[in-house]
Amino acid sequence: MKKLLIPFFIIWTICFSACQKELEKINRNPNEPNTVQPDYLLSNGIKSNVDTYWGQDATMDGALLYVQYWSKIQYTDADRYIPASTSIQTVWSNFYAQGIQDFTTLAQLGDSLHNPNYKAIAIIMRSWIFQQLTDLYGDIPYRQAASIEQYLTPVYDSQRVVYNGLLAELKNANTLFTNNADVQGDVLLRGDPLRWKQFANALRLRIALRIADRDFAAAKAVFDDVAASGNILLQKDSLVKLNYLASPNQNPVGRNRETRNDYRISKSIVDKLKALGDPRLSIYATVPKDTNVIIGVTNGLPNDSAARLGFSKTSDAGAVFTATTAPAILFSYAEQQFILAEAAQRGLISGNAATLYNQAITASFAQYGISAAEAATYVTKPGVAYDGGNYKKYIGEQKWLALFGQGLEAFAEWRRLDYPQLKPALTGALNGKMPQRFTYPSSEQALNGANYKAAVARQGSDLLTTRVWFDVN
Amino acid sequence: MKYVKRLSGLLSALLWIQQSYAQEIRVGGVVTSRQDAQRIPGAVIRIKGTSQGTQADADGKYTISAHTGDTLQISFIGFQTALVPVLQHHIINISLENTDSKLQEVVVTALGISKEKKSLGYAVQELKSKDIAEARETNLVNALSGKIAGVQVTNSQGNLGSSRIVIRGETSIAGNNQPLFILDGIPVDNSQLGIGTGRDFANAISDVNPDDIASISVLKGPNAAALYGSRAANGVILIKTKTGKDTKGGIGVTVNSNATFESLLVLPDFQNVYGQGAGGQFSYKDGKGGGLNDGTDESWGPKMDGRLIPQFFSNGEAVPFVPHPNNVKDFYVTGYTLNNGLAVGGTTDKIDYRFSYNNTRQSGILPNTGITRNTFTASNTFRITPKLTLSTYADYIRTAADNLPGVDGRRGNSVTLQFIWFGRQVDVARLKNYKNPDGTDYNWNHSYYSNPYWIQNENTVGQLRNRFFGNARLSYEILDWLSANLRIGTDYYQDRRKYKVAYYTNGTPFGSYTEDNYAVGETNGEFTLNAKRKLGRDFNLDVLAGGNIRTNQFEQNYQQAPKLAVKDVYTLNNSRDPLISTSYFSKQKVYSAFGSAQLSYHNYAFVNVTARNDWSSTLPAGNNSYFYPSVNASLVVSDALHIQSKALSLLKVRGGWAQVGKDTDPYQLISTYPFNQPFGSYPLQTVSDKFLKKDLKPEITTSTEVGLEAGFLDNRLRLDVTWYNSNSRNQILLADVSPTTGYLKKLLNAGEINNRGIEVMLGLTPVTTRSGFRWDVNVNFARNVSKVIELDKEGFLNDYVLGSSGNIQVLASKGKRYGALYGKAFARDAQNRIIVNDDGTPAIDPNKKVLGYFTPNWTGGINNSFSFKGFSLSFLIDTKQGGSIWSGTNYTGIYTGVLAASLPGRDADLGGLPYYYDGQKNVQLPDHNTAAPGGAAVHHDGMIFDGYTADGKKNTRILSAEDYYKSVYNSSVNESSVYDASFIKLREIKLGYSLPQSWVHRLKLQSVNVALVARNLGYLQKHVPNIDPETAFNTGNGQGLETLQIPTTRSIGFNLNVSF
C-alpha cells in the first residue's frame, strides 16, 4: 500500500513545482495588451471626450436647450429642465473615467517615454476637460481625482481651487514642449507644439475671464502673463476643432439625426437673428418642408403640444451642424476676440474693446463663410453696434450668437454675463427658474457620500438652480 | 509489490478452497416490496463477488445457480440492496425495504459517494426521478421549487428562459450565487450567457433531460460540499443519471410522452374607458405627431364611447373609437411543450446499458417563439473483471431556437414595452398584417414602435447550442478494503446566436445583424483511493484520498453589421459600416488534492473529516494555494442509548464546521488597455475602467451547522431541523467606485457577508391503512438572515451595486440585509407626511432611501400526497414571505394610463373633482354643475394629492388626473412602485395512476403510468398587482426589479410512461 502511494506523491510533487509556472502563464490575459501606446491613447482621449463634449447627454439634451439654441418637439422632458439621471451620470463618468484618467496616464507615459510633448498635450486636454466639468457642476474632485491608489473617495475642491489649479497647469504645460519630440495620433492639432501652446493660452484667457468677477487680480495676472510671454494665441480665423468622419465615426449630432427627429432650433435664437437681420440665420437653421420660412420652436413645450407641431413645419439646426462629418468646435478665433474685447473693456488688457468686438463678429461671420463686407455693415446696426457702457449685453448677446452649437461654453458665458436675457422654458419644472448647473450624478451620493455632502454644504443644495462660484448674481 | 502479489495469491487460494467445499444448488423465489407486498419484476439478483447474476421476471420470480456459502445480492431502484446468504434452502423469498423509509436511507454525498444518511453531520435532501420527470418543468431548476427547504427558485418570464436558484441565501456579495451542478461526479455548466442582450437565454443546466435523472441530491452548503472546494460555497446539486440497472425488466424499453400547455398566469389589468392620446384628445394622421396627439403612445385620450375619430386603419376617415379589452391578451398564444422520449436499458452479468433519446419541442406564449431540443444519452457499465469496472456516460444535446422572446423593455425586441404604452382602442387583430407593400411596417404608432408582430417575426434571435458532456470512470477493487477510481469528464458546448433587426424597424432604419458565438468547456480528471477497514470490533474507518485537475475555457466571438446595406439579407458581409467585432478568450486551471475520513463507532456515532487544497491559476503566485478543512459528526442517540421504541423511532443529533476557499475569474490581477473602434485610420486604446488587484487572496467561507433528526410514532412523524451560520470573507468584489477616481470599478478583496438560518422539514403520515391507502404531508420551512458585514478594509464603501433600473438600485449595503432596493422616495415632513410642491404634485426627496429588500424573510412549502393502490394525488403549495419588488409594469402602466389603476378620478363618474383653470392655476369648483367664472372651461377629472405643503398645511391644489398619476408614478420616484413580494402559490397538482401489474402483464408490458400534472395554477396570496412577484430576467444578483416582464405561465399537462 505505502509503496503504491509513494510514487503517486512523487509525481504529485514534481507536477506542482512545474505547475506553479504553468498556472501563472495561464492567467496572462490574451485579450488585451498590458501596455499602451501613447499615440493610441491620445487619439482615443481626444475622440471620446469630444464625443462627450458635443454629445447628447451634456449638450443636446442639456446646454443647447438651456441657452435656447435648440428646443425639442418629442420627449420634451429635457427641454423642461427634467434631465435624465443617466445623462448626468454619463457626462460625469465619461469625462472622469475616459478623459481625466486617460490623459493622466498619457502624462505619465510622456515622462516615462521622455516625450514631454505628450505630457504637455495630456495636461492641456485634461485641463480642458476639468474646465468643462467645473463649469457644469461647480465644485468637483480635482486635486485628488484620478489617483485611485491614494484616493478611493476624492475630495471635492472648490471651483476657485479648480480654476486656479488649471491656470497653473496650463501655464506649466506650455513650458514643456520641445521641438524634437514627435507626437503621433493627434487628431486635433496634428502634434504641432505651436498650435497646442496657442490653444493652451486661449484656454487660460477663457478661464481667467470666467473668474474675473470673483478674483479680478488673479485674472489680470493671467492676461499679463500671456501678453508677457509673447501673446501666443490662436491665429486669425483658426479653429480648434475635431473633424468627424463617416459613420461610425460621425458627429454625435449627425448620428442623432440619422434615426431621430426630436430637436429643433429654438425660437429664442431665431427671433434674435431675425430681429438683427443677421445673415447667420440661414446657416444656423433649415427651412422646413411645409413652410418655406424659418420657424423656431419655443423651449419647454409639453409633449402633446410639441408633438402637435409635426415634423415638417418647424426648422432644425442647419446642415453645418447636423451633417455626418460636421466638426466639433473646442475653441474659435471669434471666441478669443470676444474674450479680448471684454478684457480690454474691463482693463485686463490694454486695447480697444469695440475694435476687438467687431473683429470677433467678423471672425464669427468668416467661420460660416460670410464676407467681411457683410460683417462691416452688420456691426454698425443698432442693437449690434458696440456700447461699452453696456458691455455685458452687447458682448453677451453677440458671443451667444457666435457660439451657436457650442452649448457648454455658451451655457457658462450666459450664466456669467447674464445676457442674453432668456425666458424660462414654457412649462419648465423649476418654478419659473432656469438651470444654472448640472446636478451631481446620484452615484456620488452612494460612492463618495461624505465628500459629496461636504461639497453640497459649501456650494448650496444639489439643484439645477444653484449658482456655481464664478456665477456672481 | 511483492507483498501484494503474495497476499492476493493467498486470497485466491483461500477462495478456491472455500469453493471446493461448497455445493452447487439451484435457488429461487419471489422478490417483493416489504412496504406493500407488491412483487418487484426486474429486481437484480447477483452472487456477491462474482459476475453471475439474473433478473426477476414479470412476476417477480427468479432462479439462480449458487453455492452454499455464497451471498445473494438483491437490488432494485428505489429499494435498499439486500444481502442474503445461501444456505441449504432452495427457496429464498426476499422482501426489499424502500429507500425512502427514513431509517436506513442512503443518500448521494460529495464526490458521488453513497452514504447512510444517519452517518452524515449535515443536512441533505433528495428528490427522486418521479418528482422530477412527471411534473415536468422544462427548466430543471424549477422542479426544485417548494420541495427542498432553503432552496429559493426565481422563475423565468413566460415559458421559455432562465431560472435562478439560490440555496441558503446569497453567500457571495458580488459573485455567482448559483450552486454547483454535478452530474455523475462531473461538474456541468449552468452559466447564463448573453445577459443584457435583451433576450432571456436559458441557463445551461436546462439542457439536462429530466427523464435521464435517477435522483437529485441537494448539498446545502459548505458543510456538505466541502470536498468540492472552490465552488461549493453556494451548495451543490448532485444529479445522478439513470443506468441500465434502473430498468424494470422486460425487454427494457421505456417510452415517455408528455404534453403540456401553457397559458398566461397573470396579465396586467387594463382599463377600457379611455383611449390613446393626451389631454383627452386624439386623431390619427401619420402616427408620429402629424395628427392630433397621434405620436403620443399613452392612453390619456378621448373616452372610448364610440365617438368618431380617424384611426390608424381608417385612411383618415372618422370611425368609432371603441375599446378592445383583450388587445394585449389576444396577442399571446397558448404555449406548449411536447416531450417524447425513448429509453432502452438492461443489465447482464457483464454490462449495464442504457440509451435514451428525447425530443422536446417548446412553443412560447409570444408568437413565433420556441425551442427544440434533442438529447441523446448513452450510459454503460462494463464489469471487465469482478474487480475492474468501467462506466461511461455520454450526453449530446442539440438546442435550437428560431426565435426567443425579447425582455428588458427594449423597443426593438420587447413587445411588453409596447403593450404598457399601448392605445387601449387598438385592435390587435388589425396589426397582424404587419408589412406595407413597400416593406415598411404598418402600425398604430410610428414615433417609437414597430408593429408588435413585426418585432416577433422580423427582429428575431436564433440560438443553436451543441453540447456534449460525458465521463468515463474506471474503478478497481485492489483489495477487499481498498479501491481506486479514475474519472475523466468533460462538458463542452458551442452556442451560436444570431440577432436580426429588420430594415425600417423604428429607431434602426437600416436594421442590423449580429452573430454572437460562444464556446465553453470544462474538463476534469480525478483520481481517488478509497479504503474501508474495520478497526477492532467497535470501529469502522473509511478513508478517501485523491486529486483533481480542472481546466475551464471560454471563448466569445461577437460580430455585428451595425447597419445593413440591403434589406432582408442577414450576413456580416451585408454591411454599410465597418463591422463591430470583439473576441474574448479565457482559460483557468485548478489543481486540487483532497482527502476525507469517516470513523464510525457501532454504526451510531460518526465523525467525518475532510481536507482540500487548491492551486488556482486565477490567483497570484504567492496566494494561489489555499487549504481548507471540515469536520462534522453525528450521533444516533436512539441507537446509542437503546431508547428506540414505537414512540421514538429515531433521534439523531449532528453538527459540523467547514471551510471552503474560492478563487476568482481569470485575468483579475493586472489592468489592461482595451481597444476602442478605430477613428478612421487611428487605432484607439484606452485605460480600462476597472482597477484590478495584483495581490488577490482567495475568498473563504466558514460555516457551522447543527441539526436534529427525529422520528416518532413508528416514523409517521418525522422532523429534521438545521441551524446554520456561514460567514464569507475576503470576498472579491468588482465594486463601483466614484468615476472621479478615474475608474468606474475597483476590484476589492475584503467583502464579508454573514448568513444565518434555520431549516425545518416536517414529515407526517396521518393515515396509512392495511388496504394500501396512505396520506403523507411534507412541510418545509426556511428562514435565512443575511447581513453584509464589510465591503472594503478602509471602510470607504458603504454600498455595492448589484443591479439597477433607471433610478432604482439593488445594493449590498454595509451593516444591512443583502439586496436593498434603494431609490427615490417622496419628500416627507417631521410627521412623516408627504410634502407637496407649490403646484400640488408630491415632492421628491433628493436623497435616495432604502425602499425594501428583495430577499424574503422566509420560504416554505407544503406537499400533500395521497396514494391508494395505483392512484396517487399530490398538491404542493409554495410560499415566499417578506421581501419587496419594484415593478416597472405598474409605474409605467399608470403613467401611460393603460392600467385600470389609472382610472379613478378620470371623470365625474369615476370620482373626479370639478375645477377650472384661471390662467395661473387650477381652481376647484363646489360641484360638477357650477359654471366657471368668465365662461372658462370646466374640467371634471380633478384629483388632490393627499399631502401637506412645506409649511404644514393640507394640500388643496387640484390636478388633472393625468398630471396626478404622472406625478405619483414615474421614473423619477420609485417609492410608489415598490410592493410586498410575498405570495402563496399553488405550485403543483399531480394525479397519477399506475395500471395494476396484472393488466400490464397481460399486455406484455412492464408498467404503465399516466399522470395529469398542473403547475403554477394560481395564487392563494399576492400583494403586487398586475405582475407575478416571482420574476427574474436573469440569474444575476440584481433581483427584485421587474422591468416589463413577459407574463408568467400556468401549465397543464399529461404524462404517459410505458415500459416494455
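Here, each number is a calculation from the coordinates, and none is a lab measurement. Note that the structure is predicted; figures quoted are calculated from it, not measured. Cβ sites come from the backbone with ideal geometry, for glycine too, and all protein chains shown count toward neighbours.
Results, tabulated for the structure shown:
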| read-out | value |
| --- | --- |
| For B:THR896, B:THR385, B:THR372, order by how many other beta-carbon atoms lie within 10 Å, fewest first | B:THR385, B:THR372, B:THR896 |
| Percent of alpha-carbon pairs separated by more than 23 Å within the stretch B:103-245 | 31 |
| Helical mean residue ellipticity (222 nm; -39500 (n - 2.57) per DSSP H run of 4+; nearest 500) of chain B | -1500 deg cm²/dmol |
| Lys, Arg +1 and Asp, Glu -1 on Cβ, resulting dipole of the stretch B:917-1038 about Cα centre, debye, nearest 20 | 1000 |
| Chain A: radius of gyration over Cα atoms, expressed as a fraction of 2.2 N^0.38 Å | 1.11 |
| Residue among B:THR740, B:GLY861, B:GLY345 farthest towards the positive dipole end of the protein assembly as shown, charges placed on Cβ | B:GLY345 |
| In order through the stretch B:473-481: 3J(HN,Hα) via Karplus (6.51 cos²θ - 1.76 cosθ + 1.60), integer Hz, x for Gly, Pro | 9, 10, 10, 10, 8, 5, 9, 3, 9 |
| Sum of side-chain charges, A:ALA200 neighbourhood, beta-carbon under 11 Å (Lys, Arg +1; Asp, Glu -1) | +4 |
| Stokes-Einstein D (µm²/s) once Rh is taken as the Kirkwood radius of the stretch B:426-578 over alpha-carbon pairs, at 37 °C in 0.692 mPa s | 160 |
| The stretch B:243-373: projected area of the alpha-carbon convex hull, averaged over directions, in nm² | 11.9 |
| B:LEU464, B:LEU564, B:LEU641 arranged by Cβ crowding within 10 Å, fewest neighbours leading | B:LEU641, B:LEU464, B:LEU564 |
| Magnitude of the charge dipole, the stretch B:103-245, Cβ model with Lys/Arg +1 and Asp/Glu -1, debye to 20 | 320 |
| Rounded to whole Hz, the Karplus (6.51, -1.76, 1.60) HN-Hα couplings of the stretch A:129-137, x for glycine and proline | 5, 4, 4, 4, 5, 6, 3, 7, 9 |
| Gap separating the Cα centres of the stretch A:65-123 and the stretch B:676-752, nearest whole Å | 32 |
| Projected-area mean, the protein assembly as shown, by convex hull of Cα positions, square nanometres | 62.5 |
| Interchain or long-range residues, amide H under 5 Å from A:GLY191's placed H | A:ASP186 |
| Per-residue mean of C-beta atoms belonging to partner chains within 10 Å, peptide A:37-49 | 5 |
| Evaluated at q = 0.14, 0.19, 0.22, 0.27 Å⁻¹: base-10 log I(q)/I(0), Debye formula over Cα of the stretch B:577-650 | -0.69, -0.86, -0.98, -1.13 |
| Shielding score for A:91-104, defined as the mean number of other chain Cβ atoms within 10 Å | 5 |
| Candidate aspartates and glutamates for bridging to B:LYS652, where Cα separation is under 19 Å - those fewer than 8 sequence places away on the same chain excluded | B:ASP100, B:GLU105, B:GLU116, B:GLU126, B:ASP639, B:GLU705, B:GLU709, B:ASP714, B:ASP720, B:GLU759 |
| Sum of -39500 (n - 2.57) over DSSP H runs of 4+, divided by residues of chain A (222 nm, nearest 500) | -15500 deg cm²/dmol |
| Three-way shape label, the stretch B:931-970, alpha-carbon gyration tensor, a/c 1.5 | oblate |
| Per residue Cα convex hull volume in Å³ - calculated over the stretch B:651-693 | 122 |
| Cα principal axis extents for the stretch B:734-893, largest first, Å | 75, 47, 29 |
| Cα pair distances in chain B, grouped into 10 Å bins until the bin that holds the longest one, percent each | 2, 9, 17, 22, 20, 14, 9, 5, 2, 1, 0, 0, 0 |
| Footprinting exposure proxy for B:ASP663, A:ASP316, B:ASP907, A:ASP290 (fewest neighbouring C-beta atoms within 10 Å first) | A:ASP290, B:ASP907, A:ASP316, B:ASP663 |
| Among B:TRP300, B:PHE376, B:GLY316 the positive-end extreme of the charge dipole of the stretch B:283-442 (Cβ point charges) | B:PHE376 |
| Candidate lysines - alpha carbon under 30 Å from B:LYS432, same-chain residues fewer than 8 apart omitted | B:LYS285, B:LYS288, B:LYS303, B:LYS329, B:LYS498, B:LYS500, B:LYS563, B:LYS567 |
| Whole-Hz ³J(HN,Hα) from phi, Karplus 6.51 cos²θ - 1.76 cosθ + 1.60, for the stretch B:676-683, glycine and proline x | 10, 4, x, 9, x, 9, 9, x |
| Which of A:TYR378, B:THR243, B:TYR969, positive extreme of dipole for the protein assembly as shown (C-beta unit charges) | B:THR243 |
| Greater than 30 Å apart at Cα, pairs in B:LYS589/B:LYS814; B:LYS387/B:LYS534; B:LYS746/B:LYS824 | B:LYS589/B:LYS814 |
| Rounded to the nearest 20 debye, dipole of chain B from Cβ charges on Lys, Arg, Asp, Glu | 3180 |
